[in-house]
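Input: a single structure, listed below in structure tokens.
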Amino acid sequence: MPSPIRAVRLGLIILLIVVGTVLSAGWAMHQAKRESMQLDAQRANQQLGLYANALHTLIERYRALPAVLALDPELIDALSRPLSEPVQHALNLKLERINGAANSSTLELLDASGLAIAASNWRLPTTYVGSNYGFRPYFKQTRVQGSGRFYAVGVTSGVPGYFLSSAVSNAQGQFLGAMVVKLEFPELEREWRQGSDILLVSDARGITFIANQDGWRYRELLPLTPADRAELEQTRQYDKQPLVALHSQVLTRFAEHSHLSRVQGPQGSVDYLWESLPLPAEGWTLHLLRKPQVAEDERNAALAAAAVWLSLVFAALFVSQRMRLARMRQRSREELKRQVEERTRELRTAQEGLVQSAKLAALGQMSAALAHEINQPLTTQRMQLETLRLLLDHGRHEQARQALEPLEQMLTRMAALTGHLKTFARNSPGGLRERLDLATVVDQALHLLEPRIRDEEVEVALYLARPAWVRGDAIRLEQVLINLLRNALDAMADKRYKRLEIRIEADAELWRLSVLDSGGGIAEADLGKVFDPFFTTKPVGEGLGLGLAISYGIVADAGGALQVENLPGGARFSLTLPRDLEPAC
Ligand code: ADP
């Protein structure tokens with residue numbers, strides 16, 4: 001693969017790993033976070049239920065108090081006639097006593113106009129006595145419905161509280177005034193302050209009036225309309241308390257009253273799990289705000305997801321690498337096969353060419369030998385014929401007859417040579433298995449090489465058992481022998497002592513034909529290679545390295561064997577062939 005493509009591939013893989021890891025970890029973290037928050041939200045919601053119960057119980061405890069007091073004949077009586085100072089004093093004392101016993105914040109009695117004629121806090125400078133509360137919604141409700149309830153900041157005391165009131169009526173059912181109990185929640189707020197959660201109670205308009213932490217009271221959770229503001233102005237519900245909007249934004253909603261919100265505070269924004277619970281009896285809503293925790297689980301989930309992702313990617317890479325390797329291996333195997341086939345083809349062509357050259361070389365050598373062999377006797381014969389004519393011209397018949405003798409001898413030799421040539425020219429297919437005498441084969445071969453043997457003054461020693469009958473192809477065996485002899489002559493070419501020893505001996509069922517020379521033998525390392533095709537130590541142009549390989553094949557074809565060994569002084573080639581025991585025909 002070209003390297004730019006590889007680089008791009010590598011880049012893509014790294015990108016895949018990094019982006020995938022980040023995405024999967026992020027996704028898993030988000031999922032785990034959402035799950036853990038949902039669980040948290042459920043828990044918070046359960047706690048919210050408990051808080052709501054506590055608040056409800058507290059209010060319920062005091063709800064009956066004004067109703068019971070409104071039945072007191074003393075109060076009814078006091079409201080039925082013009083008020084005298086001693087009566088008012090007695091009422092003040094009474095309310096003070098009851099308030100202490102009931103453990104409520106304040107008790108007050110309003111007349112039909114809303115004027116407070118008696119109150120439990122009559123001793124304090126901030127007493128309600130003498131103030132008119134006719135503008136308060138609870139008074140109006142009481143006058144109309146018989147009872148009222150209202151959370152407000154006390155206009156006189158400045159202390160916020162829940163006002164519960166009941167109408168005081170005479171026997172005829174005429175509205176005389178209202179009995180009011182005020183509840184304050186500092187204790188509740190203190191109690192709620194214990195946890196780290198923020199607890200709020202908001203009214204129907206979304207204004208918080210109970211909070212367990214500072215800074216959360218009198219906040220507008222919902223935007224107020226101008227009508228709301230006008231009404232607040234009129235009822236003086238929160239009197240002089242400034243109302244501050246609370247800016248929040250819902251991030252994730254889990255349920256209708258359960259979400260994750262971002263609240264803008266003075267110190268920047270903070271995320272809260274925000275649980276709300278409506279309290280229908282009072283028209284209020286209870287809120288619980290809790291900071292979500294970065295759980296260990298989220299980190300673990302992120303790590304696990306990243307690990308899963310990485311294992312998947314690496315497994316995929318591993319598999320693709322394996323497949324790529326397999327493909328490459330397959331391709332290289334095919335390439336190798338193709339190369340081997342090509343080389344084999346080339347070698348075969350080359351070998352065929354070489355065999356052809358070897359044949360041509362042999363032909364050339366043989367032609368040269370023959371030309372040499374025939375030319376010389378022809379010249380001699382011409383001279384002898386001239387001599388013969390002269391002798392006959394002079395009538396010296398006896399001498400002429402004598403001169404014919406060497407001529408005859410020479411002709412016989414030439415006839416033998418051509419006869420040999422004839423056998424050599426004969427077509428000789430590989431499978432020929434004629435009965436032949438090995439000794440004759442040796443004779444023929446020596447005959448062909450005689451000129452060279454003579455020229456090079458080689459001493460030839462023959463120990464030939466004859467006849468040595470074997471089966472095979474005479475021409476081919478002769479070719480083998482010529483090869484062996486020629487190699488021997490080549491080996492001895494530059495030696496001073498040149499001796500060729502040829503033997504034919506019986507060896508059990510075999511005939512052993514051996515050729516021993518004095519050429520110094522074969523290097524130990526080459527001993528195993530001499531029969532290999534193309535193995536030659538001869539200079540280029542002289543040796544093809546095919547002779548022994550071909551010879552080996554021929555002998556093996558004939559059912560025999562060709563071996564070589566080093567003896568002191570030279571190499572010995574041994575050819576063994578099974579003896580042909582059949583009687584000669
Ligand atoms: P070539 O004669 O063309 O080299 P051969 O197959 O006939 O091919 O011989 C192979 C080699 O064997 C020769 O080159 C030579 O090194 C070695 N060899 C063969 N015969 C002899 C021998 N009689 N003495 C020493 N070396 C020999």
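The values are calculated or read from the model by the stated rules, or taken from the named source; none is laboratory data. The structure presented is a predicted model; accordingly, all values stated were derived computationally and were not measured. Note that each Cβ is placed from the backbone with ideal geometry, even for glycine, and that neighbours are counted across all protein chains shown. Surface areas here come from the heavy atoms of the whole protein model, side chains and all, with no ligands, DNA or RNA. Shrake-Rupley method; radii C 1.70, N 1.55, O 1.52, S 1.80 Å.
Being open to solvent by less than 30 Å² (accessible area, probe 1.4 Å), under 44 Å from the mean Cα position of the chain (by Cα) and modelled with pLDDT under 90: is that true of Leu279 here?
Details: open to solvent by less than 30 Å² (accessible area, probe 1.4 Å): yes; under 44 Å from the mean Cα position of the chain (by Cα): no; modelled with pLDDT under 90: yes.
Here the answer is no, as Leu279 does not meet what is asked.
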Filter pass, Lys240 being out of contact with any His (no Cβ under 7 Å at 6 or more places or on another chain), surrounded by 13 or more Cβ atoms within 10 Å (Cβ to Cβ) and not in a helix (DSSP H, G or I): no
Test: Ala571 is within 7 Å of the ligand (Cβ to nearest atom) and of a type in the set (A, V, I, L, M): yes
In segment 443-488, the residues that are within 15 Å of the ligand (Cβ to nearest atom), surrounded by 19 or more Cβ atoms within 10 Å (Cβ to Cβ) and of a type in the set (A, V, I, L, M, F, W, C): Ala445, Leu449, Val458, Val480, Leu481, Ile482, Leu484, Leu485, Ala488
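Is it the case, given these coordinates, that Ile502 is within 22 Å of Ala445 (Cα to Cα) and open to solvent by less than 20 Å² (accessible area, probe 1.4 Å)? Steps first, answer last, please.
Values: within 22 Å of Ala445 (Cα to Cα): yes; open to solvent by less than 20 Å² (accessible area, probe 1.4 Å): yes.
Judged against the criteria, Ile502 is a match.
Restricting to segment 300-315, name every residue that is open to solvent by less than 60 Å² (accessible area, probe 1.4 Å) and under 8 Å from the mean Cα position of the chain (by Cα). Don't jump to the end; show me each part of the working.
If we filter segment 300-315 for residues that are open to solvent by less than 60 Å² (accessible area, probe 1.4 Å), which is where we start, we get 301-302, 304-307, 310, 313, 315.
Of everything in segment 300-315, those that are open to solvent by less than 60 Å² (accessible area, probe 1.4 Å) and under 8 Å from the mean Cα position of the chain (by Cα) turn out to be Val313, Ala315.
Please go through segment 551-585 and give me each residue that is of a type in the set (A, V, I, L, M) and modelled with pLDDT of 80 or more, ordered by number. If you could, list the steps in order and put the result at the bottom.
From segment 551-585, those of a type in the set (A, V, I, L, M) are 554-556, 558, 561-562, 564, 567, 571, 575, 577, 581, 584; that's our starting set.
Once the filter is applied, which keeps residues that are of a type in the set (A, V, I, L, M) and modelled with pLDDT of 80 or more, segment 551-585 yields Ile554, Val555, Ala556, Ala558, Ala561, Leu562, Val564, Leu567, Ala571, Leu575, Leu577, Leu581.
Yes/no matrix, rows are residues, columns are (1) in a helix (DSSP H, G or I); (2) within 11 Å of the ligand (Cβ to nearest atom); (3) under 22 Å from Leu577 (Cβ atoms); (4) open to solvent by less than 70 Å² (accessible area, probe 1.4 Å):
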| residue | (1), (2), (3), (4) |
| --- | --- |
| Trp511 | no, no, yes, yes |
| Gly521 | no, yes, no, yes |
| Tyr552 | yes, yes, yes, no |
| Val555 | yes, no, yes, yes |
Output for segment 147-184, where each listed residue is without any contact (Cβ under 8 Å) to a residue 60 or more places away in the chain and open to solvent by less than 30 Å² (accessible area, probe 1.4 Å): Gly148, Gly161, Phe163
Qualifying residue in segment 48-70 (condition: under 30 Å from Ala301 (Cβ atoms) and open to solvent by 70 Å² or more (accessible area, probe 1.4 Å)): no
Residue in segment 5-26 that is charged (D, E, K, R) and under 60 Å from the mean Cα position of the chain (by Cα) present: yes
Evaluation of His420 against (1) surrounded by fewer than 17 Cβ atoms within 10 Å (Cβ to Cβ); (2) at pLDDT below 90 (one fails), failing number: (1)
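Do we find that Leu548 is of a type in the set (A, V, I, L, M, F, W, C) and either over 60 Å from the mean Cα position of the chain (by Cα) or surrounded by fewer than 13 Cβ atoms within 10 Å (Cβ to Cβ) (or both) in this structure? Spell out the reasoning first.
Values: of a type in the set (A, V, I, L, M, F, W, C): yes; either over 60 Å from the mean Cα position of the chain (by Cα) or surrounded by fewer than 13 Cβ atoms within 10 Å (Cβ to Cβ) (or both): no.
No, not satisfied.
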Scan of segment 513-570 for residues that are free of Cβ contacts under 8 Å to residues at least 24 places away in the same chain and aromatic (Phe, Trp, Tyr), ordered by number: Phe535, Tyr552
Of the criteria (1) within 7 Å of the ligand (Cβ to nearest atom); (2) out of contact with any Asp or Glu (no Cβ under 6 Å at 6 or more places or on another chain); (3) not hydrophobic (A, V, I, L, M, F, W, C), which one Asp494 fails: (1)
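From the list Arg63, Arg43, pick out the single residue that is free of Cβ contacts under 8 Å to residues at least 12 places away in the same chain and out of contact with any His (no Cβ under 8 Å at 6 or more places or on another chain). Give the derivation first.
Values: Arg63 fails: free of Cβ contacts under 8 Å to residues at least 12 places away in the same chain.
Arg43 is the lone residue from the list that is free of Cβ contacts under 8 Å to residues at least 12 places away in the same chain and out of contact with any His (no Cβ under 8 Å at 6 or more places or on another chain).
Taking Phe135 as the residue in question, decide whether it is buried (at least 21 other Cβ atoms within 10 Å of the Cβ) and either touching a Leu at 6+ places or on another chain (Cβ under 6 Å) or hydrophobic (A, V, I, L, M, F, W, C) (or both).
Taking the combined requirement at face value, the residue does not satisfy it.
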Wholly enclosed helices (runs of 4 or more DSSP H) of segment 68-181 bearing at least 2 residues on the phi < 0 side of the Ramachandran plot and among the β-branched types (Val, Ile, Thr): 85-102, 137-145
